[in-house]
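Notes follow once the structure below has been shown.
The values are calculated or read from the model by the stated rules, or taken from the named source; none is laboratory data. As the structure is a computational prediction, the values presented were derived from the model and not from experiment. Here the Cβ is made from the backbone with ideal geometry for all residues, glycine too, and neighbour counts use every protein chain on show.
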C-alpha cells in the first residue's frame, strides 16, 4: 500500500479472501429463498445478450432466484437462454425498450428483492432515461435491497448531472453501487476522458463522494473500488477482458454476491471488492484456457463455475 498523487492511500484487494467469500459454504438448511433474490432490469431489442450475461453471472455467483425484467419484444430471445430465471416481460411483443410507463410495474417487481441491477443493454432512448431517473428518485423502488447496482446505460441518464445521482444515493445510503469505465466516468463527472485516465485515483474518489456510503467501481487496468473514503486496487484480470459483455458479467457477480444472506456478505464494500477480484480471476482462468486475445464474456461465466479453493 502507499500514497498516490491524489494523497489517498491505496490498499490492495486480497484475492484469496475474495475467493473464500465467493466459495463460502451454504447453511445446511438453505433453500432458494435463503440464498437471495436478484432483479435484473436490462435489455432492449438488439441488446438482449447483456441481460442474459448479467442474469447468468448473478446465478453463478450464488443468487437463489433471479428475475429478468425485459421489454416484451425481447422475451423470445431470452426465454431459452435463461431457463433458470423468472422472466418478467413488460408490454407486448411490439415493445422494444423500457419507458416511463414501466415505472410502476418495475417498482412492484423490485419489492422484497435482495439486490437489483439496472442498466445492461437498456439503450439510450429518451423514455428509458426518464424511467431510470424516476426509479432511482423513488423511496418505493427496491426498498428491501441490500444493493442497487447501476451499470452501463443505467448510468447514461446522469450524464453531466452528478447532483441528481447523489440525490439517488441519499435515498438509499450505503446501497448504491456504480460501475463506470473511464468514458462513463467522464460523462458523470463532466471531465475529459484523458483527465480521468491520467489520474484514476482522483476520479474514483470523486465518484465515491457522490454515493453516500455506496461503492464506485472505476473499471479498467487495475480496477479501483472506493467507498467511505477508502480506495482499493485490484490486481487480478488481464487485457483480454476488454470485450463486449464483460462489464455485464461484473454487474451480475456483484448482485449475486450481494444477495447472499451469509454473515460474510453484510459488509457491502467487502462484497464489491470481492466481486471485482473474482471477475478478474475468472478472466485469468479464461486466458489460461483460450489466451487473452480470445476471451469472451461467456467464458468468464463458465470460469465462475470452475472456481476452487
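Say whether the condition of being in contact with a strand residue (DSSP E or B) (Cβ under 9 Å, 6 or more places away or on another chain), closer than 22 Å to residue 113 by Cα, buried (at least 24 other Cβ atoms within 10 Å of the Cβ) and touching a residue at least 40 places away in the same chain (Cβ under 8 Å) is met by at least one residue in segment 231-246. No, segment 231-246 contains no residue that is in contact with a strand residue (DSSP E or B) (Cβ under 9 Å, 6 or more places away or on another chain), closer than 22 Å to residue 113 by Cα, buried (at least 24 other Cβ atoms within 10 Å of the Cβ) and touching a residue at least 40 places away in the same chain (Cβ under 8 Å). Taken as a whole, the structure leaves residue 86 outside the set of residues that are touching a helix residue (DSSP H, G or I) at 6+ places or on another chain (Cβ under 9 Å) and at pLDDT 95 or above. For residue 186, the stated conditions hold: it is crowded, with 17+ Cβ neighbours inside 10 Å and without any contact (Cβ under 8 Å) to a residue 12 or more places away in the chain.
Selection of segment 193-219 for residues being within 17 Å of the chain's Cα centre (by Cα) and surrounded by fewer than 21 Cβ atoms within 10 Å (Cβ to Cβ) yields only 213. Return a yes/no flag: does segment 192-200 have any residue that is under 20 Å from residue 232 (Cα atoms), touching a residue at least 24 places away in the same chain (Cβ under 8 Å) and part of a helix (DSSP H, G or I). Yes, the conditions are met somewhere in segment 192-200. Scanning segment 135-164 for residues that are over 15 Å from residue 117 (Cα atoms) and surrounded by fewer than 22 Cβ atoms within 10 Å (Cβ to Cβ) yields a count of 10.
Matching residues to (1) over 21 Å from residue 297 (Cβ atoms); (2) in contact with a helix residue (DSSP H, G or I) (Cβ under 9 Å, 6 or more places away or on another chain); (3) at pLDDT below 95; (4) part of a helix (DSSP H, G or I):
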| position | (1), (2), (3), (4) |
| --- | --- |
| 40 | no, yes, no, no |
| 44 | no, yes, no, no |
| 109 | yes, no, no, yes |
| 127 | yes, yes, no, yes |
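Answer yes or no as to whether residue 91 is over 25 Å from residue 227 (Cβ atoms), surrounded by 16 or more Cβ atoms within 10 Å (Cβ to Cβ), modelled with pLDDT of 95 or more and touching a helix residue (DSSP H, G or I) at 6+ places or on another chain (Cβ under 7 Å). Against the criterion (over 25 Å from residue 227 (Cβ atoms), surrounded by 16 or more Cβ atoms within 10 Å (Cβ to Cβ), modelled with pLDDT of 95 or more and touching a helix residue (DSSP H, G or I) at 6+ places or on another chain (Cβ under 7 Å)), residue 91 qualifies. Looking only at residues in segment 220-229 that are more than 21 Å from residue 190 (Cβ to Cβ) and touching a strand residue (DSSP E or B) at 6+ places or on another chain (Cβ under 7 Å), which one is surrounded by the fewest Cβ atoms within 10 Å (Cβ to Cβ)? Applying the filter and picking the extreme gives 222. Within segment 133-164, being over 26 Å from residue 260 (Cα atoms), touching a helix residue (DSSP H, G or I) at 6+ places or on another chain (Cβ under 8 Å) and not in a loop (DSSP other than H, G, I, E, B) holds for 133, 134, 156, 157, 158, 162, 164. Residues that are out of contact with any helix residue (DSSP H, G or I) (no Cβ under 8 Å at 6 or more places or on another chain) and part of a helix (DSSP H, G or I) within segment 263-309 comprise 263, 269, 284, 288, listed in sequence order.
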